[in-house]
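Below: the structure, in C-alpha coordinates.
The values are calculated or read from the model by the stated rules, or taken from the named source; none is laboratory data. The structure presented is a predicted model; accordingly, all values stated were derived computationally and were not measured. Glycine also receives a Cβ, built like all others from the backbone with ideal geometry; neighbour counts cover every protein chain displayed. Note: accessible area is taken over every heavy atom of the protein model, side chains too, but ligands, DNA and RNA are not part of it. Shrake-Rupley method; radii C 1.70, N 1.55, O 1.52, S 1.80 Å.
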Amino acid sequence: MRKYVIIGAQGSGKGTQSLLLARDLDLVHISVGDVFRWHVQNHTKLGAQVRRAMAAGELVGDDLVEGVVRDRLEQHDWNYGFIIDGFPRSRRQAEFFLESYDIDGVIHLDLPDDEVRRRVLARRLCSECGMDYNLIADRPTQEGRCDVCGGELVAREDDTEEAVTERLRNYREKTAPILELFGRKEYVVTVDARPGIDAVQRTLREKLGLPAPR
Ligand code: AMP
(Lines give C-alpha, C1' and ligand atoms only; values in the text may rest on other atoms or scores of the structure.)
Protein backbone atom coordinates (compact mmCIF):
# COMPACT_ATOMS: atom_id res chain seq x y z
CA MET A 1 0.00 0.00 0.00
CA ARG A 2 1.36 3.40 -1.00
CA LYS A 3 0.09 6.75 0.22
CA TYR A 4 1.29 9.94 -1.41
CA VAL A 5 0.52 13.62 -1.21
CA ILE A 6 1.25 15.91 -4.17
CA ILE A 7 1.80 19.61 -3.57
CA GLY A 8 2.48 22.42 -6.03
CA ALA A 9 1.11 25.72 -7.27
CA GLN A 10 -1.77 25.67 -9.74
CA GLY A 11 -0.62 24.70 -13.22
CA SER A 12 2.37 22.76 -11.87
CA GLY A 13 0.84 19.54 -13.24
CA LYS A 14 -0.44 18.00 -10.00
CA GLY A 15 -3.51 16.51 -11.65
CA THR A 16 -1.64 15.19 -14.71
CA GLN A 17 1.24 13.68 -12.73
CA SER A 18 -1.14 12.16 -10.14
CA LEU A 19 -3.19 10.46 -12.83
CA LEU A 20 -0.10 8.92 -14.45
CA LEU A 21 1.13 7.58 -11.13
CA ALA A 22 -2.32 6.40 -10.06
CA ARG A 23 -2.90 4.56 -13.34
CA ASP A 24 0.36 2.60 -13.15
CA LEU A 25 0.32 1.79 -9.44
CA ASP A 26 -3.47 1.24 -9.13
CA LEU A 27 -3.77 4.10 -6.68
CA VAL A 28 -6.98 6.03 -6.10
CA HIS A 29 -6.54 9.67 -7.19
CA ILE A 30 -8.25 12.04 -4.80
CA SER A 31 -8.52 15.65 -5.94
CA VAL A 32 -10.31 17.92 -3.50
CA GLY A 33 -10.71 20.56 -6.23
CA ASP A 34 -12.43 17.98 -8.49
CA VAL A 35 -14.79 16.96 -5.67
CA PHE A 36 -15.73 20.63 -5.13
CA ARG A 37 -16.16 21.24 -8.89
CA TRP A 38 -18.50 18.24 -9.07
CA HIS A 39 -20.61 19.71 -6.28
CA VAL A 40 -20.71 23.14 -7.95
CA GLN A 41 -21.73 21.64 -11.31
CA ASN A 42 -24.42 19.50 -9.69
CA HIS A 43 -25.78 22.37 -7.59
CA THR A 44 -25.48 20.58 -4.26
CA LYS A 45 -25.60 22.31 -0.89
CA LEU A 46 -21.83 21.88 -0.53
CA GLY A 47 -21.41 23.34 -4.04
CA ALA A 48 -23.32 26.46 -2.98
CA GLN A 49 -21.07 26.80 0.09
CA VAL A 50 -17.79 26.64 -1.84
CA ARG A 51 -18.59 28.28 -5.16
CA ARG A 52 -17.82 31.88 -4.31
CA ALA A 53 -14.51 31.13 -2.58
CA MET A 54 -13.42 28.92 -5.47
CA ALA A 55 -14.27 31.44 -8.18
CA ALA A 56 -12.27 34.11 -6.31
CA GLY A 57 -9.29 31.79 -5.89
CA GLU A 58 -9.66 31.79 -2.10
CA LEU A 59 -9.22 28.73 0.08
CA VAL A 60 -12.38 26.97 1.23
CA GLY A 61 -12.75 26.72 5.04
CA ASP A 62 -10.74 23.98 6.75
CA ASP A 63 -13.81 22.30 8.33
CA LEU A 64 -15.50 21.77 4.97
CA VAL A 65 -12.30 20.55 3.34
CA GLU A 66 -11.44 18.15 6.15
CA GLY A 67 -14.98 16.74 6.04
CA VAL A 68 -14.65 16.03 2.32
CA VAL A 69 -11.26 14.34 2.76
CA ARG A 70 -12.41 12.27 5.73
CA ASP A 71 -15.58 11.07 3.91
CA ARG A 72 -13.59 10.22 0.79
CA LEU A 73 -10.91 8.24 2.63
CA GLU A 74 -13.52 6.46 4.74
CA GLN A 75 -14.83 4.80 1.59
CA HIS A 76 -11.75 2.53 1.84
CA ASP A 77 -11.74 1.75 -1.86
CA TRP A 78 -7.96 2.29 -1.96
CA ASN A 79 -6.59 -1.26 -1.56
CA TYR A 80 -3.29 -0.34 -3.21
CA GLY A 81 -3.15 3.15 -1.76
CA PHE A 82 -3.96 6.70 -2.82
CA ILE A 83 -2.48 9.91 -4.11
CA ILE A 84 -4.10 13.03 -2.73
CA ASP A 85 -3.89 16.21 -4.80
CA GLY A 86 -4.78 19.70 -3.56
CA PHE A 87 -4.68 18.77 0.11
CA PRO A 88 -3.35 19.75 2.60
CA ARG A 89 -3.10 23.43 1.75
CA SER A 90 -2.72 24.97 5.19
CA ARG A 91 -0.92 24.18 8.43
CA ARG A 92 -4.13 23.08 10.12
CA GLN A 93 -5.02 20.72 7.28
CA ALA A 94 -1.51 19.25 7.37
CA GLU A 95 -1.72 18.63 11.11
CA PHE A 96 -5.16 17.00 10.75
CA PHE A 97 -3.82 14.77 8.02
CA LEU A 98 -0.60 13.74 9.76
CA GLU A 99 -2.55 12.79 12.88
CA SER A 100 -4.75 10.39 10.92
CA TYR A 101 -2.61 8.89 8.13
CA ASP A 102 0.92 7.61 7.56
CA ILE A 103 2.30 8.98 4.34
CA ASP A 104 4.97 7.25 2.24
CA GLY A 105 6.03 10.33 0.34
CA VAL A 106 5.22 13.95 -0.41
CA ILE A 107 5.78 15.02 -4.01
CA HIS A 108 6.53 18.71 -4.34
CA LEU A 109 6.21 20.06 -7.90
CA ASP A 110 8.22 23.24 -8.09
CA LEU A 111 7.30 25.92 -10.64
CA PRO A 112 8.27 29.63 -10.74
CA ASP A 113 5.41 32.17 -10.48
CA ASP A 114 5.79 33.56 -14.01
CA GLU A 115 5.45 30.05 -15.47
CA VAL A 116 2.42 29.38 -13.21
CA ARG A 117 0.68 32.45 -14.66
CA ARG A 118 1.61 31.57 -18.23
CA ARG A 119 0.31 28.00 -17.91
CA VAL A 120 -2.86 28.74 -15.97
CA LEU A 121 -4.03 31.53 -18.27
CA ALA A 122 -3.58 29.18 -21.26
CA ARG A 123 -5.51 26.31 -19.66
CA ARG A 124 -8.80 25.17 -21.23
CA LEU A 125 -11.24 22.37 -20.35
CA CYS A 126 -13.86 20.59 -22.42
CA SER A 127 -17.27 21.62 -21.08
CA GLU A 128 -18.66 18.18 -22.03
CA CYS A 129 -16.06 15.52 -21.13
CA GLY A 130 -13.61 17.47 -18.94
CA MET A 131 -10.54 16.76 -21.13
CA ASP A 132 -7.66 19.21 -20.42
CA TYR A 133 -6.00 21.41 -23.07
CA ASN A 134 -3.34 24.03 -23.02
CA LEU A 135 -3.13 26.73 -25.67
CA ILE A 136 0.68 26.73 -25.40
CA ALA A 137 1.66 23.05 -25.48
CA ASP A 138 -1.44 20.99 -26.10
CA ARG A 139 -3.66 22.83 -28.56
CA PRO A 140 -6.87 21.24 -29.87
CA THR A 141 -6.93 20.45 -33.61
CA GLN A 142 -9.95 22.69 -34.16
CA GLU A 143 -9.88 25.95 -32.23
CA GLY A 144 -12.26 25.99 -29.28
CA ARG A 145 -13.45 22.36 -29.78
CA CYS A 146 -12.55 19.16 -27.94
CA ASP A 147 -10.64 16.61 -30.07
CA VAL A 148 -12.33 13.73 -28.23
CA CYS A 149 -16.02 14.67 -28.13
CA GLY A 150 -16.33 17.98 -30.03
CA GLY A 151 -17.53 19.80 -26.89
CA GLU A 152 -16.87 23.51 -26.38
CA LEU A 153 -13.58 24.40 -24.66
CA VAL A 154 -13.87 26.83 -21.76
CA ALA A 155 -11.54 28.37 -19.18
CA ARG A 156 -11.99 27.32 -15.55
CA GLU A 157 -13.93 29.97 -13.65
CA ASP A 158 -10.92 30.48 -11.35
CA ASP A 159 -8.30 30.72 -14.13
CA THR A 160 -8.54 34.53 -14.36
CA GLU A 161 -5.70 37.02 -13.65
CA GLU A 162 -7.23 38.06 -10.31
CA ALA A 163 -7.95 34.53 -9.09
CA VAL A 164 -4.49 33.30 -10.16
CA THR A 165 -2.88 36.10 -8.16
CA GLU A 166 -4.96 35.21 -5.10
CA ARG A 167 -4.24 31.47 -5.44
CA LEU A 168 -0.51 32.12 -5.83
CA ARG A 169 -0.53 34.32 -2.74
CA ASN A 170 -2.30 31.58 -0.76
CA TYR A 171 0.11 29.01 -2.08
CA ARG A 172 3.22 30.96 -1.10
CA GLU A 173 1.85 32.05 2.29
CA LYS A 174 -0.08 29.01 3.47
CA THR A 175 0.76 25.93 1.44
CA ALA A 176 4.49 26.15 0.67
CA PRO A 177 5.43 26.55 4.39
CA ILE A 178 3.78 23.23 5.29
CA LEU A 179 6.45 21.44 3.26
CA GLU A 180 8.71 22.06 6.24
CA LEU A 181 6.23 20.39 8.55
CA PHE A 182 6.17 17.39 6.25
CA GLY A 183 9.91 17.58 5.81
CA ARG A 184 10.38 16.95 9.49
CA LYS A 185 8.10 13.92 9.64
CA GLU A 186 7.86 12.54 6.14
CA TYR A 187 9.78 12.08 2.99
CA VAL A 188 9.49 15.12 0.67
CA VAL A 189 10.81 14.92 -2.89
CA THR A 190 11.07 18.17 -4.81
CA VAL A 191 10.80 17.90 -8.59
CA ASP A 192 11.36 20.70 -11.12
CA ALA A 193 7.96 20.98 -12.87
CA ARG A 194 9.24 22.96 -15.90
CA PRO A 195 10.17 20.04 -18.21
CA GLY A 196 7.56 18.06 -20.20
CA ILE A 197 5.01 15.69 -18.66
CA ASP A 198 6.99 12.46 -19.27
CA ALA A 199 10.29 13.88 -18.01
CA VAL A 200 8.66 15.11 -14.78
CA GLN A 201 7.03 11.71 -14.25
CA ARG A 202 10.34 9.90 -14.77
CA THR A 203 12.15 12.16 -12.30
CA LEU A 204 9.54 11.88 -9.59
CA ARG A 205 9.55 8.08 -9.85
CA GLU A 206 13.34 7.97 -9.64
CA LYS A 207 13.26 10.19 -6.57
CA LEU A 208 10.57 8.06 -4.91
CA GLY A 209 12.48 4.86 -5.70
CA LEU A 210 9.66 3.57 -7.94
CA PRO A 211 10.04 1.65 -11.23
CA ALA A 212 10.17 3.78 -14.42
CA PRO A 213 6.82 4.38 -16.22
CA ARG A 214 5.60 1.47 -18.31
P1 AMP B 1 -7.66 22.95 -7.36
O2 AMP B 1 -8.38 22.30 -8.47
O3 AMP B 1 -6.86 21.98 -6.53
O4 AMP B 1 -6.83 24.13 -7.83
O5 AMP B 1 -8.77 23.54 -6.36
C6 AMP B 1 -9.70 24.51 -6.80
C7 AMP B 1 -10.20 25.35 -5.64
O8 AMP B 1 -10.85 24.51 -4.66
C9 AMP B 1 -9.13 26.08 -4.84
O10 AMP B 1 -8.72 27.30 -5.45
C11 AMP B 1 -9.88 26.31 -3.52
O12 AMP B 1 -10.85 27.34 -3.63
C13 AMP B 1 -10.63 25.00 -3.34
N14 AMP B 1 -9.79 23.99 -2.64
C15 AMP B 1 -9.30 22.82 -3.15
N16 AMP B 1 -8.57 22.16 -2.25
C17 AMP B 1 -8.58 22.93 -1.11
C18 AMP B 1 -8.00 22.82 0.20
N19 AMP B 1 -7.26 21.76 0.53
N20 AMP B 1 -8.23 23.81 1.09
C21 AMP B 1 -8.99 24.87 0.78
N22 AMP B 1 -9.55 25.05 -0.43
C23 AMP B 1 -9.36 24.10 -1.37
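Each listed q (0.16, 0.19 Å⁻¹) maps to a log10 I(q)/I(0) for the chain, found by the Debye formula over equal Cα scatterers with no solvent: -1.20, -1.71. In the elastic network of the chain, a GNM with C-alpha springs shorter than 10 Å, the most mobile of His29, His76, His39 is His76. Computed over the chain, the per-residue total of -39500 (n - 2.57) for DSSP H runs of n ≥ 4 gives a 222 nm mean residue ellipticity of -13500 deg cm²/dmol, rounded to 500.
By accessible area, using a 1.4 Å probe on protein heavy atoms only, the stretch 55-157 has 42% of its surface on carbon and sulfur. Can you tell which of Ala163, Ala137, Ala176 shows the greatest fluctuation in a Gaussian network model of the chain with Cα springs below 10 Å? Greatest mean-square fluctuation among the candidates belongs to Ala137.
In order along the stretch 41-58, the Karplus-derived 3J(HN,Hα) couplings, from 6.51 cos²θ - 1.76 cosθ + 1.60 at θ = phi - 60°, round to 4, 9, 6, 7, 4, 4, x, 5, 6, 9, 4, 5, 4, 4, 4, 7, x, 8 Hz, and Gly and Pro are given as x.
Here the scattering of the stretch 93-214 is modelled by Debye summation over its C-alpha atoms, one equal scatterer each and no solvent; at q = 0.23 Å⁻¹ the log10 of I(q)/I(0) is -1.22.
If you stretched the chain out fully between Ala155 and Asp113, how much longer would it get, using 0.36 nm times the residue separation minus the C-alpha to C-alpha distance?
Details: separation 42, 0.36 × 42 = 15.12 nm, distance 1.94 nm.
That pair, Ala155 and Asp113, stretches by 13.2 nm at full extension.
How much of the DSSP beta bridge set in the chain is antiparallel, as a percent to the nearest 5?
Working: 7 of 26 bridges.
Counting only bridges with both partners in the chain, antiparallel ones make up about 25 percent.
For the stretch 104-164, calculate the relative contact order in percent as a whole number, restricting contacts to Cα pairs under 8 Å that are 6 or more residues apart. For the stretch 104-164, the relative contact order is 32 percent. Given labels modelled 7 Å from the Cα in the Cβ direction, how far is it in nm from Arg214 to Arg139? Calculated label separation equals 3.4 nm. The residues of the chain expose on average 53 square angstrom of accessible surface per residue, using a 1.4 Å probe on protein heavy atoms. Across the chain, the mean sequence separation of Cα contacts (distance under 8 Å, 6 or more residues apart), normalised by length, yields a relative contact order of 29 percent.
What's the extension gain from Asn79 to Asp147 if we count 0.36 nm per residue and subtract their Cα-Cα distance? Mind dumping the intermediate values first?
On the way: separation 68, 0.36 × 68 = 24.48 nm, distance 3.39 nm.
Between Asn79 and Asp147, full extension yields 21.1 nm more.
How large is the Kirkwood hydrodynamic radius of the stretch 29-131, counting all unique pairs of alpha carbons, in Å? Final number for the Kirkwood radius of the stretch 29-131 is 15.5 Å. If I build a Gaussian network model for the chain, linking alpha-carbon pairs within less than 10 angstrom, which residue out of Gly57, Gly151, Gly33 has the largest mean-square fluctuation? Per the Cα network of the chain with a 10 Å cutoff, Gly151 tops the list. In order along the stretch 77-88, the Karplus-derived 3J(HN,Hα) couplings, from 6.51 cos²θ - 1.76 cosθ + 1.60 at θ = phi - 60°, round to 9, 10, 4, 9, x, 8, 10, 10, 10, x, 7, x Hz, and Gly and Pro are given as x.
Length, then width, then depth: along the principal axes, the Cα atoms of the stretch 159-214 run 40, 30, 13 Å.
Gap in Å between the Cα centre of the stretch 20-64 and the Cα centre of the stretch 139-214? Centre-to-centre (Cα) distance: 15 Å.
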